[in-house]
1. Specify which of the listed residues (171, 143, 134) is within 15 Å of residue 102 (Cβ to Cβ) and touching a residue at least 12 places away in the same chain (Cβ under 8 Å).
2. Based on this model, can you work out whether residue 86 counts as at pLDDT below 95 and in contact with a strand residue (DSSP E or B) (Cβ under 6 Å, 6 or more places away or on another chain)?
3. Hey, can you tell me all the residues within region 106-138 that are under 19 Å from residue 161 (Cβ atoms) and under 21 Å from the mean Cα position of the chain (by Cα)?
4. Looking at 174, 141 in this structure, which one is over 25 Å from the mean Cα position of the chain (by Cα), within 14 Å of residue 105 (Cα to Cα) and at pLDDT 95 or above?
C-alpha cells in the first residue's frame with residue numbers, strides 16, 4: 001500500500017516538476033529532474049524495505065519473549081500436580097463456606113522454614129478429577145473468587161529444580177449459595 005502511494009506521489013511530483021519547467025528548458029534538464037524523482041522513489045522503497053525488516057525482527061523478538069514468559073510462568077512441561085511430596089504445608093484462612101463470587105484469601109504455611117518460593121495452587125471438581133493449576137497464583141498466598149460449586153484445593157511448593165518439595169493435603173472449598 002505504501003509503495004503504491006509513493007509511486008503515485010512520485011508521478012504527481014514529476015507532473016508538478018514538468019509543469020513548473022520553463023518551456024525554454026532543453027530536454028536534458030527535464031531528464032535530470034525525472035532522474036532525481038526516480039532516485040528519490042528508489043530511496044523511499046529501500047527505506048520502506050528496511051523498516052519492514054526491522055518490524056519483522058521486532059515481532060519475532062516479541063513472540064520469543066512471550067513464549068519464554070509463558071514457559072516460565074506455567075512450568076507446564078515440569079508441572080506434576082500429582083507429584084509425591086511430603087504433606088507438610090497447612091492452608092490457613094479457609095472459611096466455613098463461601099458464596100459464589102465471594103473473596104477467598106488463603107495462606108500456605110510450611111511446617112519448617114524454607115528458601116524455596118515457587119508455589120503452585122491447584123483445584124479439581126472432586127477426587128475423581130484431574131488437578132488443574134490456577135494461573136497467576138505463584139506465591140504462598142491465594143486470593144481469588146469462590147467458584148459456582150464446591151471444589152478441592154491444594155498447594156505445592158517446588159524446589160529450584162522444579163521438583164515437588166512439599167505439598168498440602170487437599171482441602172474442600174465449600175460453596176453454599178443458600
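1. Among 171, 143, 134, only 143 is within 15 Å of residue 102 (Cβ to Cβ) and touching a residue at least 12 places away in the same chain (Cβ under 8 Å).
2. So residue 86 passes the test.
3. Across region 106-138, the qualifying residues are 118, 119, 120, 133, 138.
4. Numbers: 141 fails: over 25 Å from the mean Cα position of the chain (by Cα).
The match here is 174.
The values are calculated or read from the model by the stated rules, or taken from the named source; none is laboratory data. Quantities reported herein were computed from a predicted structural model and do not represent experimental measurements. Glycine also receives a Cβ, built like all others from the backbone with ideal geometry; neighbour counts cover every protein chain displayed.
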